[in-house]
Amino acid sequence: MKAYETYLLDRAKVEGNHQLATYRKLGGYKGLEKVLKGGLTPAQVVDEMKKSGLRGRGGAGFSTGMKWSFMPDIAKDPRTRYLAINADESEPGTCKDRVLMEKDPHGLVEGSLIAAYAIRASAVYIYVRGEYRLPHDRVLAAVQEARAANLVGKNILGSDFSCEVYLHKGAGAYICGEETGLMESLEGKRGHPRQKPPFPAQSGLWNSPTTVNNVETVFNAPFIIERGSAWHAAIGTQNSKGNFLVGISGHVNRPGVYELPFGVTAQEILEEKAGGVWKGRKLKAWFPVGSSCSLLKGSDIDVVLDHDSLRARGSSLGTAAMVMMDDHTSMARVMEVIARFYEHESCGQCSQCREGTQWLSQIFHRIAHGHGQEDDVATLEALAKGMAPGKTICALSDAAAIPTLSAVKLFKDELIECIRQKRDPLAQPAPKYATVGAH
Amino acid sequence: MALPKKLTDEFDELVKNYPERRAALIVALHRCQEELGGWISPQTMEDLGAYFGLEPVEIFGVASFYPMFNLRPVGKHVVSVCHNISCDLRGAQDIIAKACEVTGAPLGGTSKDGRWTVRHVECQGACANAPMIDLDGVYHEDLTPEKVAKILGAVR
Ligand SMILES: Cc1cc2nc3c(=O)[nH]c(=O)nc-3n(C[C@H](O)[C@H](O)[C@H](O)COP(=O)(O)O)c2cc1C
Ligand code: SF4
Ligand code: FES
């Protein structure tokens, strides 16, 4: 792979960077200073983001500048506005935001403040998944240090911009990563996604204009402000700009979170970063970007990791979490695990999703355990088609259907073989343990 | 009974972070679980209901939605083993088996001596360091069954 400039993880590698003194020594809060002391208007900040080509890193890949510009005109709509930072990170395979929060929490605080300024929010809520204790505590400590240094709170750095930053904890529900489920949860309720419209920019938290952004998304803002949108737009491919974080896990020699520019191939990441498939085996299949996308075959590893190239192969960029499976892997088992996950996480409001995820889970389970029925593969396909696209309140139903459809398409023969043999020829020997009705 | 003053003092500060008091409920549930015996008892639901001006059943409705809240008592130590895809691919089942063996707890239950609860959880965001467990709120990563035996064996 060609040499490239890094920036997202540079500070994270420095010991003690989670503390303000070190962060500042490494150039931290220069982006915020440029905005507030350099007299950039909110509209100018939004414009810079638009020109930079930055797209959201939470899964949908929407233009960040565009999203910010959807917030209503403050002259016509004086309601309080909010920024919610999505640090719920629960998509299987995804572990990148955690690195930023643990190792570079001030970077998140600074990015959040720039985003809040751009959308004229007076408060930021950082919604951290409940299990992320260390990341939560690091970000909380960073906010407290920043407040003491006049970087959070009233009249930040002597400007007329005032903004509070609060942390909020989730409690283990994947659906609270969906932006409207997140808002319900922030309001102290069950995380049931809301019907859209109204969209969050019109009516979000407490019926006020709200923007929801992923951690890595706003983390990019200080770099773009400081170095300029042209610098950012020069990195990457036509419609995917800048560097991004890739998590690579599963059957590889060096799983990890790596920083890469858009435009490298998945093969380069697998070979040069992750050290190739473990045990000298071959790659059978992989989730390019988390479990809510189409599986790809090992032979698709030559794909460029960016929005357009993955779409062309029938997948998407999602959360850039590559999950790799070697040629000893049972796809019936993989899909049993994935389907069980969505069944567990469906919030139950929509019948297609509630019933559909249960059926998918039961059917993959019985195929993997040697009780598959002759028409199961056809049933899986019919069910998944009834669950998506866009038939439900939120995209979780799609997220369960999409990998199912890809598994049925790419690994039909393998699934049928499990059904015919009344056992899974690739199953690993299962260790024994006692179990009670598990939660 | 009422909530201990230590907690209500904390909550009085916490509610100021939000335009509506009830928004503090989930964070408050976490604190109650931490301070009041590791689970959300019916009594805690009543007390939280009184504090927030909500019916206890409404507290139940929220608490029961979130997997992290225990609605029944748990062991003194809780071992949560991730069994999602990245961990499964790298041996999560062996980790579960070892955790059950060492603690004497069945998966999803508590050991007879009340010391241990072992359960499985979905992806914990530690996929690049799979397999993993969360022991009493602290992550242990890059595990093997031997390492699990050692980690759990060292707990008093
Ligand atoms: C079921 C579901 C789960 C999601 N989980 C997350 C998550 O954990 N973190 C995240 O940033 N976005 C998640 N999203 C995407 C959010 O809804 C939203 O698009 C994102 O936070 C927007 O931020 P961005 O524009 O900065 O990417 C999820 C979406 C769905 C449908
Ligand atoms: S699609 Fe599923 S998770 Fe989303 S709102 Fe409907 S039932 Fe809930
Ligand atoms: S799959 Fe186990 S931590 Fe992500």
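The values are calculated or read from the model by the stated rules, or taken from the named source; none is laboratory data. On a predicted model such as this, the values are computed, not experimentally measured, just so you know. Using ideal geometry, Cβ is built from the backbone for each residue, glycine included, and neighbour counts are taken over all protein chains shown. Just so you know, the surface numbers come from the protein's heavy atoms only, side chains and all, with ligands and any DNA or RNA stripped out. Shrake-Rupley method; radii C 1.70, N 1.55, O 1.52, S 1.80 Å.
Name, by its number, the condition in (1) on the phi < 0 side of the Ramachandran plot; (2) out of contact with any Ser or Thr (no Cβ under 6 Å at 6 or more places or on another chain); (3) within 16 Å of ligand 1 (Cβ to nearest atom); (4) of a type outside the set (Val, Ile, Thr) that does not hold for B:Gly125.
(1)
Could you list, in sequence order, the residues of the range B:110-156 that are at the interface with chain A (Cβ under 10 Å from one of its Cβ atoms), part of a strand (DSSP E or B) and within 16 Å of ligand 3 (Cβ to nearest atom)?
Result: B:Val118, B:Arg119, B:His120, B:Val121, B:Asp134, B:Val138, B:Tyr139.
If B:Gly114 meets every condition in (1) under 16 Å from the mean Cα position of the chain (by Cα); (2) under 30 Å from A:Gly256 (Cα atoms); (3) open to solvent by 20 Å² or more (accessible area, probe 1.4 Å) apart from one, which number is that one?
Here B:Gly114 clears every test but (2).
If we keep just the residues of the range A:345-379 that are within 10 Å of chain B (Cβ to nearest Cβ) and either surrounded by fewer than 18 Cβ atoms within 10 Å (Cβ to Cβ) or part of a loop (DSSP other than H, G, I, E, B) (or both), which is nearest to the chain's Cα centre (by Cα)?
Ranking the qualifying residues of the range A:345-379, first place goes to A:Cys347.
Only residues that are open to solvent by less than 40 Å² (accessible area, probe 1.4 Å) and under 16 Å from A:Tyr29 (Cα atoms): list them for the range A:158-182, please.
A:Ser159, A:Phe161, A:Cys163, A:Val165
Can you tell me which of A:Leu9, A:Leu40, A:Leu26 is touching a residue at least 12 places away in the same chain (Cβ under 8 Å), within 25 Å of A:Glu272 (Cβ to Cβ) and open to solvent by 10 Å² or more (accessible area, probe 1.4 Å)?
A:Leu9
A:Gly390 - would you say it is open to solvent by 10 Å² or more (accessible area, probe 1.4 Å), modelled with pLDDT of 95 or more, at positive phi and within 16 Å of ligand 1 (Cβ to nearest atom)?
Answer is no for this residue.
Go through (1) open to solvent by 30 Å² or more (accessible area, probe 1.4 Å); (2) out of contact with any Asp or Glu (no Cβ under 8 Å at 6 or more places or on another chain) one by one and return the number of the condition B:Ala92 breaks.
(1)
Please find, within the range A:97-122, the residue that is nearest to A:Tyr174 (Cα to Cα) out of those that are within 11 Å of chain B (Cβ to nearest Cβ) and open to solvent by less than 10 Å² (accessible area, probe 1.4 Å).
Among those residues, the one meeting the criterion is A:Asp97.
When you go through A:Tyr166, A:Tyr132 one by one, which is the residue that is within 26 Å of the chain's Cα centre (by Cα), within 13 Å of ligand 1 (Cβ to nearest atom) and within 11 Å of chain B (Cβ to nearest Cβ)?
Just one listed residue meets the conditions, A:Tyr132.
If a residue has to be over 22 Å from A:Ile416 (Cα atoms) and of a type in the set (Lys, Arg) to count, how many in the range A:351-392 make the cut?
Matching residues across the range A:351-392 total 2.
Restricted to the range A:135-156, and to residues that are away from ligand 1 (no atom under 16 Å from the Cβ) and open to solvent by less than 40 Å² (accessible area, probe 1.4 Å), which residue is farthest from B:His120 (Cα to Cα)?
A:Ile156
Kindly list, by first and then second residue, each pair from a residue in the range A:193-218 that is away from chain B (no Cβ under 14 Å) to a residue that is assigned to a strand (DSSP E or B) and more than 12 Å from ligand 1 (Cβ to nearest atom), limited to pairs with Cβ atoms under 8 Å and residues at least 6 apart or on different chains.
Final answer for the pair search is A:Thr211/A:Tyr82.
Working only within the range A:66-94, note down all residues that are open to solvent by 10 Å² or more (accessible area, probe 1.4 Å), within 14 Å of another protein chain (Cβ to nearest Cβ) and within 13 Å of ligand 1 (Cβ to nearest atom).
Those that are open to solvent by 10 Å² or more (accessible area, probe 1.4 Å), within 14 Å of another protein chain (Cβ to nearest Cβ) and within 13 Å of ligand 1 (Cβ to nearest atom): A:Asn86, A:Glu89, A:Ser90, A:Glu91.
Restricting to the range A:12-23, count the residues that are part of a loop (DSSP other than H, G, I, E, B) and either closer than 20 Å to A:Val264 by Cβ or in contact (Cβ under 8 Å) with a residue 40 or more places away in the chain (or both).
The qualifying residues number 3.
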